[in-house]
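**Student:** Okay, here's the structure, questions in a sec.
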Amino acid sequence: MEQVVGEREAEEFTVVARKPYFGLPTACPICLPLFIYLKLAHFPFRLSFNSIFPDSDQIPYVESGTYVAYNNENSGVVECLKKDGIVDLDSEFQSAPDWVSIQAMINSWLADALTYELWVGTDGRSAYKIYYSDLSWPIGKVLFLKQVYSVKQRLGITKDNAEHREDEIYRRAKIAYGALSTKLGEQNFLFDDRPSSLDATFLGHVLVTLHALPDTSVLRSKLLEHDNIVRYAEKLKTELIESGSSSSGPQFRSVPSSSTPRKGPSNWSSKPKSKPKREKTEEEKTFKRRAKYFLAAQLLAVLLFLSVMGSYDSGDLELDDEDEGISFN
Amino acid sequence: MEQVAGEREAEEFTLVARKPYFDLPTACPICLPLFIYLKLAHFPFRLSFNSIFPDSDQIPYVESGTYVAYNNENSGVVECLKKDGIVDLDSEFQSAPDWVSIQAMINSWLADALTYELWVGTDGRSAYKIYYSDLSWPIGKILFLKQVYSVKQRLGITKDNAEHREDEIYRRAKIAYGALSTKLGEQNFLFDDRPSSLDATFLGHVLVTLHALPDTSVLRSKLLEHDNIVRYAEKLKTELIESGSSSSGPQFRSVPSSSTPRKGPSNWSSKPKSKPKREKTEEEKTFKRRAKYFLAAQLLAVLLFLSMMGGYDSGDLELDDEDEGISFN
């Protein structure tokens, strides 16, 4: 089912992802499918977190010694790992007739629907918690608004068509869920009852939709209409995430960013509380520095303006003096 | 195969689309699928052109008397026509398991690839001809650049990831073409050897890719690798577009925008030369008016600035006078 290259087992693989939240090992919808894929393949790895750069395209990435596979290179980490022969679940499925179209559907319609719902549909509360809760409020808020704008650009949403686009996004998600529900049936996995990367991608989507979005979310309610998908997701979540950590012992530790020392095994659901403070200090330093530059630039502009104004005023005074000088002669 | 509501046949349906080019009845990749869909359904309609608003989301639209179905309402014109019971080719297919996923794949991966190739990949020469060739050069160029920027935003292309995104877009198109080639096989249509809206959408994409893009286009060369798709497209093009106009007589006239008088039957390939001049005058008037407002705003800003500067100068002179007044007392 999986192929692991023997000589790499000597060095551990580390997955660097965004922080856990909402009962999920990593709450970011881009990081979670990678995590699930490696779990489905029973591939041993250490999980590490990095919240310093919430808008980085490189996260999630996998590294082992000098080898590293970033999210924004070569069609993603899963494809890199397949190409480099490290782990491949899909070798028998890629010729299946609906493999490509279902992959397209999950990666476009469902991914767009989740992005929309996270950032726009639910006022972004969940997205804020996932990405910016470690940053100080003004900085986090600014980055959040910047990302919301970027999402709207990407989804082609303007003031005029906002309602129409929202309807279209939900409609497409609804029929996609219907098609996947039909495809899944009562099986354990989407294709041939065996796990594949599409299960990882779909499962990541479903778990974030079910757990990270609020109850009022339209997308979440559309997903809940399909019992077999919900059962499939909860079953795999229990198998891969919750029982996995206890059965595999010290191999599956969660540690913070690599600059801080390891703290030993910890349960998925507990949030490491002392570590965010250390990360916060680093982030605060970075952003305080940026804020200082910004304020300095502002002050400089104000000073320049005043000096330009001032030279006009002093021009007046000089003329006065000259005049007075002349009058006394 | 098709359902036409009897009472509507009394009034003719008019399809308003963008102008013909590259030997296609309408060269715009959003308008062409709608045209093909109506042809596949043997639905009689008149074709009309509108090039005044190249970035309008409403085009293409179908109207008949007081009924109108715009592109940007209710998931598109095809869905409107289905819902309103006017013409529906898809009633038996929508439950097919891969119907939804193939629709998603064509509407996302292939549509994005064509958009990219038209506007960015080939330096936008073809897109310029399709949308802006009727406008005067400066206006057309500005609107074109604005649209290129908008396309890059929508596809999430930045300076940093431009190469990676391009590779990803082409890779996805390539595997989509492979999957559709396998699905099509040697049949005449994608599903059950009977025409459907997906044939219209796919055929529209293929015809624009083959005819509107230059030979140097990467996307075009990837499509040409699949002989069965090329045969499928050329065969349907001959049946629906070229023979259709001669066999159905005066019903399929091409006329310009509704404000100009009809000119009688004309062949698809001849471009109406006197009509663009009348359209151009209207467009030029609109844009000249906008340009005048812009220049007026500029002048006003300059005048304001000068008056403020002058205010300081006259302030100097006034003080001089007062001083001289005092000295002579």
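**Student:** Highest mean first, what order results for B:158-171, B:117-130, B:291-304 on Cβ atoms within 10 Å? Kindly include the intermediate steps, with their values, before the conclusion.
**Tutor:** Values: B:158-171: 14.8, B:117-130: 20.3, B:291-304: 10.2.
For the peptides B:158-171, B:117-130, B:291-304, the packing ranking is B:117-130, B:158-171, B:291-304.
**Student:** Magnitude of the Cβ-charge dipole of segment A:14-242, K/R +1 and D/E -1, about the Cα centre, nearest 20 debye?
**Tutor:** Values: 24 positive and 29 negative charges, 128 e Å.
Roughly 620 debye, rounded to the nearest 20.
**Student:** Can you tell me the FRET efficiency between residue A:22 and residue A:238 if r is taken as the Cβ-Cβ distance and R0 is 25 Å, rounded to the nearest 0.05?
**Tutor:** Details: r = 16 Å, r/R0 = 0.63.
Computed FRET efficiency for residue A:22 and residue A:238: 0.95.
**Student:** Expressed as a fraction of 2.2 N^0.38 Å, the rule-of-thumb size for a compact globular protein of N residues, what is the C-alpha radius of gyration of segment A:14-242? Before the final figure, lay out the partial values.
**Tutor:** Values: Rg = 17.2 Å, N = 229, 2.2 N^0.38 = 17.3 Å.
For segment A:14-242, the normalised Cα radius of gyration comes out at 0.99.
**Student:** Rounded if a/c is under 1.5, else prolate if a/b beats b/c, else oblate: with a ≥ b ≥ c from the C-alpha gyration tensor eigenvalues square-rooted, which is segment B:40-148? Please report the intermediate quantities before stating the final value.
**Tutor:** Numbers: a/c = 2.82, a/b = 1.43, b/c = 1.97.
It is oblate, given that a/c is not under 1.5 and a/b is not larger than b/c.
**Student:** Counting only other chains, and only Cβ atoms inside 10 Å, what mean value do you get across the residues of A:94-101?
**Tutor:** Values: counts 2, 3, 2, 5, 7, 3, 13, 15.
What the average comes to for A:94-101 is 6.
**Student:** With a ≥ b ≥ c the root eigenvalues of the C-alpha gyration tensor of segment A:105-201, is it rounded (a/c under 1.5), prolate (a/b larger than b/c) or oblate?
**Tutor:** Since a/c reaches 1.5 but b/c is at least a/b, the shape of segment A:105-201 is classed as oblate.
None of the figures in this text is laboratory data; all of them are computed from the coordinates on show. This structure is a prediction, so every number in the text was calculated from the model and none was measured. For neighbour counting, all protein chains shown are included, and Cβ atoms are generated from backbone atoms with ideal geometry for every residue, glycine included.
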